[in-house]
1. Distance in whole Å from the B-onto-A rotation axis to the closest C-beta of chain B, together with the residue it belongs to, please.
2. May I ask for the accessible area buried between chains A and B, both sides summed, probe 1.4 Å, to the nearest 100 Å²?
3. Do any residues of the range B:62-94 lose at least 50 Å² of accessible area when the full set of protein chains is present rather than just their chain alone, and if so which, with a 1.4 Å probe?
4. What accessible area per residue comes out for the protein assembly as shown, rounded to a whole number of Å², with a 1.4 Å probe?
5. Give the nm distances, rounded to one decimal, from A:Gln90 to the matching residue in every other copy, measuring between label points 7 Å along Cα toward the beta carbon; shortest first.
6. At a 1.4 Å probe radius, carbon and sulfur cover how many percent of the accessible area of the protein assembly as shown?
7. Translational diffusion coefficient, Stokes-Einstein: compute it for the protein assembly as shown using the Kirkwood radius over C-alpha pairs as Rh, at 25 °C and 0.890 mPa s, and state it as an integer in µm² s⁻¹.
8. Label B:Leu61 and A:Thr3 with points 7 Å out from Cα along Cα→Cβ: what is the distance between them in nm?
There are 2 protein chains.
Amino acid sequence: MDTPLEKALSTLVFTFHKYSGREGNKLTLSKRELKELVKEELGLGEKMKKPGGIDELMKSLDRNCDQEIDFKEYTAFLSALCMSYNDFFQEEEK
Amino acid sequence: MDTPLEKALSTLVFTFHKYSGREGNKLTLSKRELKELVKEELGLGEKMKKPGGIDELMKSLDRNCDQEIDFKEYTAFLSALCMSYNDFFQEEEK
């Protein structure tokens, strides 16, 4: 029986593959796949609508500059999101 | 309404605080808190039973060597776990 933390980690992995398999390299996210993931899974759709929003995000995540987001780059993205969630949580606690 | 990915990220944050609040600094995990988290939330209890198992894990995660695991060090740990889950997932797909 998986714990909530184990289930959460599985969700992170499965969400990546749900999008990475859509076009091109099945083990990386193209810009379009990243855009779809962010829009459908993170409710950041509005932010991404501003001109260049997705290009900016892509540029900040694509550390090896190969125009694709690999799994390691994706986990760095999620870590950053987690840090923001955590800051928010700590603010709420105050 | 939160998406599965958003719920998963919340679980990562809440799990940290469930343990970090137990003793000492409420915003970091002591060795004992880390041990409890790993044992109760990750089913790695067996591995931690071997002598020095938890000391080894603590040493590998505690990048700034302050004998505490802060939230950033915790996300690095989860990223590494995610990478293992992902490798396993890709092996299964082959």
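The values are calculated or read from the model by the stated rules, or taken from the named source; none is laboratory data. Being a predicted model, the structure only gives us computed values, none of them experimental. So basically every Cβ, Gly included, is an ideal-geometry build from the backbone, and we count neighbours across all protein chains shown. Accessible surface is based on the protein model in full, side chains and every heavy atom, while ligands, DNA and RNA are left aside. Shrake-Rupley method; radii C 1.70, N 1.55, O 1.52, S 1.80 Å.
1. Residue nearest the B-to-A axis, with distance in whole Å: B:Ala8, 2.
2. Working: alone 7020 and 7010 Å², together 11060 Å².
When A and B are taken together, about 3000 Å² of accessible area is lost.
3. In the range B:62-94, residues shielded by partner chains: B:Phe71, B:Cys82, B:Met83, B:Tyr85, B:Asn86, B:Phe89.
4. Working: 11060 Å² over 188 residues.
Per residue, the protein assembly as shown has an accessible area of 59 Å².
5. Going from nearest to farthest copy, the values are 3.3 nm.
6. Numbers: 5910 of 11060 Å².
Percent of accessible area from carbon and sulfur atoms in the protein assembly as shown: 53.
7. Working: Rh = 17.6 Å.
In µm²/s, the coefficient rounds to 139.
8. 1.0
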